[in-house]
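Just below is one structure, and these are the notes that go with it.
The values are calculated or read from the model by the stated rules, or taken from the named source; none is laboratory data. Computed from a prediction, not measured in an experiment: that's the story for all the values here. Quick note on the areas: whole protein, heavy atoms, side chains included, nothing else; ligands and nucleic acids left out. Shrake-Rupley method; radii C 1.70, N 1.55, O 1.52, S 1.80 Å.
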Amino acid sequence: MGDVTPTKRAIAHRAAELFENKGVGNTSVGDICQAAGVARSTLYYHFRSKSDIVRYLVSYEYLAAELADAARGAGEPGGSGGDTDGVSGASGDPLGDSDPVGALLTIPRTFIGHLTKFGPDLLAKVFAQDLTGGEYFFTRDYRNMSRVLVPHIRRAQDAGLITNPCDAAELANLSVFVLSQVAYIWACSGGDFDLAAESELHLRKLYGIAPRHA
């Protein structure tokens, strides 16, 4: 179930569209199968349940595949999973080196944009699963995001664009922690504040972004 295949991503993509339009509670497994054009057996080969699909949609595995498609200029999200180590592909880092701060903030911006399109209710369900299952998905799943942030943080530090002198790996881990906590509060509050703006505000304070990049 862990392999990223075109079929798995196509199922997830169609489920995401249904969740956005109808809500998670009003979407059945049958609805997802019909929208994706697959049999139930195919869906259950890739996912254990509808809850498993929900969890996959906010996973870094899914986000990284979407980022890889965007970097290649792919059109259909159900296409090849490609490189899912984060945002880097065989041709190098698609975010580029010319603006370390811009690249550094692009990753969390994309992540937050990914979460907000599903709304606070879906994310709250993921957090609820964590509480009952004893596994906090951010600490496990988003280690890859932390690893991808490290070189951007180092470049920004070397260029004097961020002033926090902490080790880049530590700052990257703290970045994921900040994002997860703000997302948790947003989900629990029913989305009553701007998640993107609040997340970026806290990250800028954490990094100590120089005024000329404020």
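Might you work out the accessible area of residue 114 for me, using a 1.4 Å probe with all protein chains in place, and round it to the nearest 10 Å²?
Near enough 10 Å² of accessible area.
Return one whole number: the accessible area per residue of segment 159-199 in Å², for a 1.4 Å probe.
47
Show 33, 188 ordered by accessible area, largest first, where the area counts protein heavy atoms only and the probe is 1.4 Å.
188, 33
For segment 169-195 and segment 6-72, what is the centre-to-centre distance using only Cα atoms, to the nearest Å?
Distance between centres, Cα-based: 24 Å.
With a 1.4 Å probe and all protein chains in place, put 61, 20 in order of accessible area, largest first.
Ranked from most to least accessible, the order is 20, 61.
With every protein chain kept in place and ligands, DNA and RNA left out, what is the accessible area per residue of segment 10-70? Probe 1.4 Å, answer in Å².
41
How much length would be gained if the chain were fully extended between residue 40 and residue 128, taking 0.36 nm per residue of separation minus their Cα-Cα distance, in nm to one decimal?
Value of the extension gain: 29.1 nm.
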